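> Handing you this structure, nothing more for now.
The values are calculated or read from the model by the stated rules, or taken from the named source; none is laboratory data. Everything numeric here is computed off the predicted structure, so don't read it as measured data. Note: ideal-geometry Cβ built from the backbone for every residue, glycine included; neighbour counts use all protein chains shown.
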Amino acid sequence: MNATTANAAHWLALHRSMCRIRAFEETALAAHQAGDIPGPLHVSIGQEAVAAGVCLNLRREDRITSNHRGHGHALAKGAGVAGMMEELHGRAGGHCGGKGGSMHIADFSVGMLGANGVVAGGIPIAVGAAQGLKLLGLDHIAVCFFGDGAINRGPFLEGLNWAALYRLPVLFVCEDNGVAAFTRAADVTAGPGVVARAAALGVPAVTVDGNDVGAVDAAAARLVAEVRGGAGPRLLHAQTYRHTGHTSTDAAAWRPADEVAAAKQGEPIARFEARLLAEGVATAAELAAVREDALAEMQAARAAAMAAPWPDPATAFSDVLGA
Amino acid sequence: MTTLVEALRLAALQEMKRDPRVWVLGEDVARGGLFGQYRGFLEKFGPDRVVSTPISEAVIMGAGLGAALVGTRPIIEMRIFDFVMCAMDELVNQIAKIRYMFGGQARPSLVVRMPHGLWRNSAAQHSQVLEAWFAHLPGVVVVAPSTPADAAGLLVSAIRSDDPVLFFDPKNLFGVEGEVPEVIEPIPFGRVRRVQSGNGLTIVSWSALMPAVQQAAAVLASRGIGAEILDLRCLWPWDQAAVVASARRTGRLLVAHEAVEVGGFGAEIIACVAEHAPGVKLARCGMPRVPLPFSPPLEEAIKVTPAKIVAAADRLLAR
């Protein structure tokens, strides 16, 4: 790739997005370990290139659905950090008023229709959002993030068949970190995998190195344009690696140390920084400053969340029904 | 006079004409639906608003939700209630939670239509009456009408509501006839319909059992016992005030429902009246805790009949 001014700005945005996701999750992990964030916390450290590479090709009005590992998708789509950090801390000013937490982050104002505590749970919702957008005559699209574990659930089959049948404007993104909770996906998945399954249902699919944000970005740009142009659904299979365990309390000690070490060697932020340096897009000092700014932003958000008020217990009774 | 299923067709037709955001998805709806409740819709509204779907209940339900979240108002047709079991994650974990879980950001403006109950010896997987499960579930409205006018008016309310409304179509009553106004006005949720007044006892029921209750009341009337009959119409919200007031006045309450008695919604009504109107004598009449059998004499043996309602009333009156 050649660093023109226009795409240099885009690459720096990709870098900044990944750094903010990493900083958010490292900060949240520390807060969880300190006992300041209750409940389960699933972080996506190591997988940032998928969220950034896809979401930076979307418009604000495009909708996304996510899974239980959804902080990155929300941040990359533009969800407010203060509202996210407060939500994780269970505070009144969280995007969901403290009713959702990490597993149910949503920010409808930026088209983020929600993380999901059920594997594959976001697939039917994204398909329906796409159908609704089409019915309303809008040219916005829906993007659905799910993991490799989701392709063994029925809604994956039903959802892809449906999207292809009605030529819906939806991009499926299989964020394949190779593990379904504590089990290697390959050990529980028959056949050649997600791309072949998509192809069998008439959904064109491509595989990219999900730790190469440039590759994710290029593929997403093309697929998003096709989907928005009315070509019907597409699937992006992004292969990545989960640096941490399933949850913040899982060490994933069953994985060989050399496997984890190798994955960390090829982690997406350092890898992209090497490319940005080689292309002359930024200096090492500029890149370090982005990382430091991101960390400072997230630590300030954490401090603000800790100082923020808890929800009024009376709000536990609101939003059950609208009437 | 209009049949109940035609009343429902007219109500959905009226609302789809009124609001272009309303659409219907489900198996065979473009062919008019299993019961003809969408007859002629395809010709009038086209295939984008009358969407015959694959037999994919999870996505029928979940896609309805997704489409509601972007501002449309789907009618999600489940064909037969029992098939909702294939879409329980989408209904229970997603639809019922989404407004609350996201702090009020979501507007799940959708109706789930589920023709339920006993019907033509359809046996164990096509006859269930599990409305109590959903009355137990926070985050949904539960509607179960029994007359053409109520069905039409409540369906209009359901379609216009920003809440997820579970609409239990009483499929065994689809052929029942009644008057339906030319312009169908919405009927508010959570209000009983007083079918008849009386002083001897109060009988609360709903949905497909209402005709049996009225036949039982006629038997009681022939013996000089006046039953006050309330058609609950909605299980959530439900009209506690009207039920408690009537039970307090007559001093006796019988709740009869088609569903299994154990853990049925009748238990909730009885408990509520026991708490709010101590001294009222209470009884229930529902099916035994048995799956629906196929053979007519077997089905007859377990289903709630006018005779069983009369017997339950007699036991209550003797106390």
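> Scan the range A:173-193 and give yes if some residue there is surrounded by 24 or more Cβ atoms within 10 Å (Cβ to Cβ), more than 19 Å from the chain's Cα centre (by Cα) and either modelled with pLDDT of 95 or more or at the interface with chain B (Cβ under 10 Å from one of its Cβ atoms) (or both), otherwise no.
Scanning the range A:173-193, I find no residue that is surrounded by 24 or more Cβ atoms within 10 Å (Cβ to Cβ), more than 19 Å from the chain's Cα centre (by Cα) and either modelled with pLDDT of 95 or more or at the interface with chain B (Cβ under 10 Å from one of its Cβ atoms) (or both), so the answer is no.
> Collect the residues in the range B:261-274 that are in contact with a helix residue (DSSP H, G or I) (Cβ under 9 Å, 6 or more places away or on another chain) and surrounded by fewer than 20 Cβ atoms within 10 Å (Cβ to Cβ), keeping them in residue-number order.
Hits for the range B:261-274 are B:GLU261, B:GLY263, B:ALA267, B:GLU268, B:CYS272.
> Looking only at the range B:154-176, decide whether some residue is in the same structural domain as B:ASP19 (by TED's automatic domain parsing), in a helix (DSSP H, G or I), of a type outside the set (Lys, Arg) and closer than 12 Å to B:TRP236 by Cα.
There is no residue in the range B:154-176 that is in the same structural domain as B:ASP19 (by TED's automatic domain parsing), in a helix (DSSP H, G or I), of a type outside the set (Lys, Arg) and closer than 12 Å to B:TRP236 by Cα.
> Within the range A:64-90, how many residues are out of contact with any Cys (no Cβ under 8 Å at 6 or more places or on another chain), farther than 13 Å from A:GLY114 by Cα and not in a loop (DSSP other than H, G, I, E, B)?
Matching residues across the range A:64-90 total 6.
> With (1) polar (S, T, N, Q); (2) free of Cβ contacts under 8 Å to residues at least 60 places away in the same chain; (3) assigned to a helix (DSSP H, G or I) as the list, and B:THR202 as the residue in question, which single condition is left unmet?
(3)
> So, one more: Name every residue in the range A:94-104 that is in a helix (DSSP H, G or I) and at the interface with another protein chain (Cβ under 7 Å from one of its Cβ atoms), in order of residue number.
Answer for the range A:94-104, where residues must be in a helix (DSSP H, G or I) and at the interface with another protein chain (Cβ under 7 Å from one of its Cβ atoms): just A:HIS104.
> Restricting attention to the range B:36-51, does a residue exist that is in contact with a His (Cβ under 9 Å, 6 or more places away or on another chain) and at negative phi?
no
> Among the residues of the range B:188-207, what is the count of those that are surrounded by 20 or more Cβ atoms within 10 Å (Cβ to Cβ), closer than 22 Å to B:LEU235 by Cβ and more than 14 Å from chain A (Cβ to nearest Cβ)?
Residues meeting the conditions: 8.
> Filter the range B:30-80 for residues that are more than 14 Å from chain A (Cβ to nearest Cβ) and part of a helix (DSSP H, G or I) and give the result.
B:ARG31, B:PHE41, B:LEU42, B:GLU43, B:LYS44
> In the range A:25-48, what residues are within 22 Å of A:GLN239 (Cα to Cα) and either among the basic types (Lys, Arg) or assigned to a helix (DSSP H, G or I) (or both)?
Once the filter is applied, which keeps residues that are within 22 Å of A:GLN239 (Cα to Cα) and either among the basic types (Lys, Arg) or assigned to a helix (DSSP H, G or I) (or both), the range A:25-48 yields A:GLU25, A:GLU26, A:GLU48.
> Residue by residue through the range A:105-138, note down the ones that are within 7 Å of chain B (Cβ to nearest Cβ), surrounded by 24 or more Cβ atoms within 10 Å (Cβ to Cβ) and in a helix (DSSP H, G or I).
A:PRO124, A:ILE125, A:ALA126, A:VAL127, A:GLY128, A:ALA129, A:GLN131, A:GLY132, A:LEU133 - these are the residues of the range A:105-138 that are within 7 Å of chain B (Cβ to nearest Cβ), surrounded by 24 or more Cβ atoms within 10 Å (Cβ to Cβ) and in a helix (DSSP H, G or I).
> Looking at A:GLU86, A:GLU26, which one is surrounded by fewer than 24 Cβ atoms within 10 Å (Cβ to Cβ) and either under 26 Å from A:VAL179 (Cβ atoms) or more than 10 Å from chain B (Cβ to nearest Cβ) (or both)?
Answer to the check: A:GLU26.
> Of the residues that make up the range B:176-191, is at least one at pLDDT 95 or above, closer than 24 Å to B:ASP82 by Cβ and not basic (Lys, Arg)?
Yes: the range B:176-191 contains one or more residues that are at pLDDT 95 or above, closer than 24 Å to B:ASP82 by Cβ and not basic (Lys, Arg).
> Name the residue that is nearest to the chain's Cα centre (by Cα), counting only residues in the range B:85-136 that are within 8 Å of chain A (Cβ to nearest Cβ) and among the aromatic types (Phe, Trp, Tyr).
B:TYR100
> Touching a helix residue (DSSP H, G or I) at 6+ places or on another chain (Cβ under 9 Å) and either at pLDDT below 95 or surrounded by 23 or more Cβ atoms within 10 Å (Cβ to Cβ) (or both): does that describe B:GLY62?
yes
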